[in-house]
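Input: a single structure, listed below in structure tokens.
Rule-based calculations on the coordinates, nothing more; no lab input. Note that the structure is a prediction, hence the values are computed from the model and not measured. Cβ sites come from the backbone with ideal geometry, for glycine too, and all protein chains shown count toward neighbours.
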Amino acid sequence: MTPGLFDGYLRRLGFTQPPRPTAEALFALQRAHVERIPYENLGIQLGRPPGIDPELSVRRFAAGRGGYCFHLNGAFALLLEGLGFAVTRHLAGVLGPADRERLDVNGDHLALTVRVDGAEYFVDAGLGDGPYEPLPLRAGTHRQGKFTYGLGPLDGDRPGWRYVNDAGPFPVVNVLSAPAVTADFEATHVRLSTAPDSGFVRTLALLRRDAHGIDALRGRVLSRTEPAKRTTERILDTPGEFWAVVGGLFERKLDDLTAADRTALWDRVCAAHETWLATRG
């Protein structure tokens, strides 16, 4: 591993020194990751999707960027391994409400399990609205503050797990137990980041979360979701307001975007917003 590869990454997570591989450190690292490194698809929206090589993602995060699941969990797995954690990557699939009973795994998500201090955890910094902390890898209901998650066996042809978050827009993630490698996700990444019918291509999205809730920007709609509270929404009306939210609330540095990039992305977001409004009637 390149000396100093993780220095900037750890600084962005708020660590001045590499932590020892303990369960306490694992929890602190995931909390920092979901708070400070956004789930985002700006590069995809601009037609410049970044590759999913984990070292590339590590360097991008150190430079202030974010990514989606293949970037976020791919880099996080590499960091955890570099710190001495035992990490396994897994093929997974995210399901919406209409498909939640399906038991297949389409590979559109990278999930992680981590073994430390004699226990195994489901670790996911790549869902955007996923758990704030690792979940013990055992069947049952797991509560984190006012959030509730479920884990259970995947009763299909191959052994695995089902992660359930009934409060989320994509309530189920099916995860295969077998180990996976980065190459297993390459073809799916190309499709998700370039196909015209892909949600990542159609809609700009940024998400981050903290102990109390989830902030999401989808197109021009900024929302805040907290359990047992009404979700608040507001429309971002100007480019200045939009970019202040992207660079401020979501902590996504903007120095890789030219003025032309910002104009093009704002125009794209506005066009998508008008289409969304028309669809809503």
(request) Enter the mean projected area of the convex hull around the alpha-carbon atoms of the stretch 191-280, in nm², rounded to one decimal. (result) 7.1
(request) Pull out a ≥ b ≥ c, the square roots of the eigenvalues of the alpha-carbon gyration tensor of the stretch 1-158, then state rounded if a/c is under 1.5, prolate if not and a/b is larger than b/c, and oblate in the remaining case. (result) oblate
(request) Go ahead and estimate [θ] at 222 nm for the chain from helices alone: -39,500 (n - 2.57) per DSSP H run with n ≥ 4, summed, over the residue count, rounded to 500. (result) -9500 deg cm²/dmol
(message) Using Cβ contacts closer than 10 Å as the measure, can you line up Trp243, Trp161 from fewest to most?
(response) Trp243, Trp161
(request) Determine, for each peptide in 98-106, 112-120, the mean count of other beta carbons within 10 angstrom over its residues, then list the peptides with the highest first. (result) 112-120, 98-106
(message) Across the chain, what fraction of all alpha-carbon pairs, as a whole percent, falls in each successive 5 Å bin from zero upward?
(response) 1, 5, 12, 17, 20, 18, 14, 8, 4, 1, 0, 0
(request) Determine ³J(HN,Hα), in whole Hz, for all residues of the stretch 112-127 in sequence, where each value follows from phi through the Karplus function 6.51 cos²θ - 1.76 cosθ + 1.60 and θ = phi - 60°; x replaces Gly and Pro. (result) 10, 10, 9, 10, 7, 6, x, 10, 10, 10, 7, 10, 8, 9, x, 9
(request) Go through 66-75, 131-140 and give me the packing order, highest mean Cβ count within 10 Å leading. (result) 66-75, 131-140
(request) Would you mind ranking Ile37, Ile52, Ile235 by Cβ crowding within 10 Å, fewest neighbours first? (result) Ile235, Ile52, Ile37
(request) For the stretch 166-181, take each phi angle, set θ = phi - 60°, evaluate the Karplus expression 6.51 cos²θ - 1.76 cosθ + 1.60, and give the result in whole Hz per residue in order, putting x for glycine and proline. (result) 5, 7, x, x, 10, x, 10, 10, 8, 10, 7, 5, 4, x, 10, 10
(message) With a cut-off of 8 Å between alpha carbons and a minimum separation of six or more residues, what is the relative contact order of the stretch 191-280 in percent?
(response) 20
